[in-house]
Amino acid sequence: MSAQGSGLEILSIAPTATIQDRGRVGLLRYGVTSSGAMDDHALAEGQALLGNGRDDAALEFAGAGGRFRAHGTLWLACSGAEMALRVNGTPQRWRQSFRLDGGDIVEIGAVHEGVYGYLHVKGGFQTEMVLGSRSTHQRAGLGHRPAAGQLLPVLPQPADMTPLGLPRSDHFDRRELRLLWGPQSDVFPRAERARLLTAEITVSPRRDRMGMRIELDSGPIHAERGLTIASDAINPGDIQVAGDGTPTVLLADRGSSGGYARIATLASADMAALAQIPAGGVFRFRLVSRDQAVEALARHRRALDSLASKATPVTRDPRDMDDLLSYNLISGVTDGDDLDLD
């Protein structure tokens, strides 16, 4: 993908950046895990801001973004963890859609809060489909890996759209996450399971799209029997415990199977909230039933579906308008001859 034609040219980009959509579904039996956006709420935010489809692909950044040049008119939006955003050197608001003209430069810098930020384009980035998805799975070698010098292809863009904005999501503030006991919870003594529910838990710097190590303030978790088991299928959110007692929450790019005992599984509805807790962040777990977890997921999905109805037209600050004189800021002005002053 050389920098010719229309699209978004990558001038520089963080090495952790990937292309992500909702991921690959139904391929676990072939050893292929889902991948997909780490924060599905953020992915849905971008779709709502641009009127995109649910499966359209975006750029996902972890901690820092990159520098890009528009080739032709583009409509973009940023979502997820707020990051420093500039267009042609001018700071822009996060979580809203905006237009670039050919030659315009957009820069996405360091994250302000959270971990994963997203850059969307109208119609989604048109990188190659692999096994039904555009998601990058770096360890498996699937999907497109963005790099400097590439031109990310896009669909034909509208000449005009109404810029939309969304409020900040409260899942960045969540510090109580729901879990269920896992498939091998019975190998852990009752006291160890109780400790998982009462501990203050810190996110370790040892994290990536595959998994997140977590540390209990009361120390490692100990099993009653051997920590290794016959390998079986792994689900996103499974919390496996290694031989040294360190728990790891398995995430989007996890392996398809594993042999460590899994003490618990994070509720699917809370995966986005967990992904946005930075290294050093502290949270707690709360035990829920399967029915409660299913209902929470249903509410989560309804919330994603309702985002489009919450997107509102952006009111621009006149100080941000370089072409202020081209805007009709006042209407209804007359010369006074039509007024009856008697």
The stretch 213-224 residues that are more than 16 Å from Ala279 (Cβ to Cβ), paired with ones that are of a type in the set (Gly, Ala, Ser) and at pLDDT below 95 (beta carbon under 6 Å, 6 or more apart): Pro220/Gly245; Ile221/Gly245; His222/Gly245
Test: residue in the stretch 277-285 that is at pLDDT 95 or above, assigned to a loop (DSSP other than H, G, I, E, B) and on the phi > 0 side of the Ramachandran plot: yes
Among residues of the stretch 237-272, those that are over 14 Å from Arg213 (Cβ atoms), assigned to a strand (DSSP E or B), touching a Gly at 6+ places or on another chain (Cβ under 6 Å) and of a type outside the set (A, V, I, L, M, F, W, C), counted: 2
Test result for Leu324, modelled with pLDDT under 80 and more than 21 Å from Glu200 (Cβ to Cβ): yes
The lone exception for Val288 - which of (1) among the β-branched types (Val, Ile, Thr); (2) at pLDDT 95 or above; (3) farther than 23 Å from Ala194 by Cβ it fails: (3)
Filter result for Leu151 (free of Cβ contacts under 8 Å to residues at least 60 places away in the same chain, more than 30 Å from Ile277 (Cα to Cα), of a type in the set (A, V, I, L, M, F, W, C) and out of contact with any Cys (no Cβ under 6 Å at 6 or more places or on another chain)): no
Sole exception among (1) touching a helix residue (DSSP H, G or I) at 6+ places or on another chain (Cβ under 7 Å); (2) surrounded by 21 or more Cβ atoms within 10 Å (Cβ to Cβ); (3) not polar (S, T, N, Q) for Glu113, by number: (2)
Candidates Ile229, Ile214, filtered to the one that is among the hydrophobic types (A, V, I, L, M, F, W, C) and within 27 Å of the chain's Cα centre (by Cα): Ile214
Leading residue by the ranking (modelled with the lowest pLDDT) among those in the stretch 5-34 that are more than 23 Å from Ala233 (Cβ to Cβ), of a type outside the set (A, V, I, L, M, F, W, C) and in a loop (DSSP other than H, G, I, E, B): Gly5
Residue in the stretch 59-70 that is out of contact with any strand residue (DSSP E or B) (no Cβ under 6 Å at 6 or more places or on another chain) and farther than 22 Å from Arg174 by Cβ present: no
Test: residue in the stretch 294-304 that is β-branched (Val, Ile, Thr), modelled with pLDDT of 95 or more, in a helix (DSSP H, G or I) and under 26 Å from Ala37 (Cα atoms): yes
Tabulated pairs, the stretch 24-43, first outside the structural domain of Ala267 (by TED's automatic domain parsing), second modelled with pLDDT under 90 and not in a loop (DSSP other than H, G, I, E, B), C-beta under 9 angstrom, 6+ apart or interchain: Leu28/Ala233; Leu28/Ser257; Arg29/Ala233; Gly31/Ser257; Ser34/Leu28
Criterion violated by Ala230 - all others in (1) surrounded by fewer than 16 Cβ atoms within 10 Å (Cβ to Cβ); (2) outside any strand (DSSP E or B) satisfied: (2)
Among the residues listed as Gly46, Gly124, Gly117, the single one being in a strand (DSSP E or B) and at pLDDT 95 or above: Gly117
Residue in the stretch 49-59 that is closer than 27 Å to Asp160 by Cα, part of a helix (DSSP H, G or I) and assigned by TED's automatic domain parsing to the domain that holds His120 present: yes
Residue ranges of strands (runs of 3 or more DSSP E) in the stretch 138-220 with at least 2 members aromatic (Phe, Trp, Tyr), modelled with pLDDT of 95 or more and not assigned by TED's automatic domain parsing to the domain that holds Gly123: none
Test: residue in the stretch 273-287 that is basic (Lys, Arg) and surrounded by fewer than 18 Cβ atoms within 10 Å (Cβ to Cβ): yes
Count of the stretch 158-209 residues which are among the basic types (Lys, Arg) and surrounded by fewer than 16 Cβ atoms within 10 Å (Cβ to Cβ): 4
Which listed residue, of Trp94, Trp75, is farther than 26 Å from Gly211 by Cβ and either part of a strand (DSSP E or B) or not assigned by TED's automatic domain parsing to the domain that holds Gln150 (or both): Trp75
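The values are calculated or read from the model by the stated rules, or taken from the named source; none is laboratory data. All values derive from a computational prediction rather than experimental measurement. Here Cβ is always computed from backbone atoms with ideal geometry, including for glycine, and neighbour counts include all displayed protein chains.
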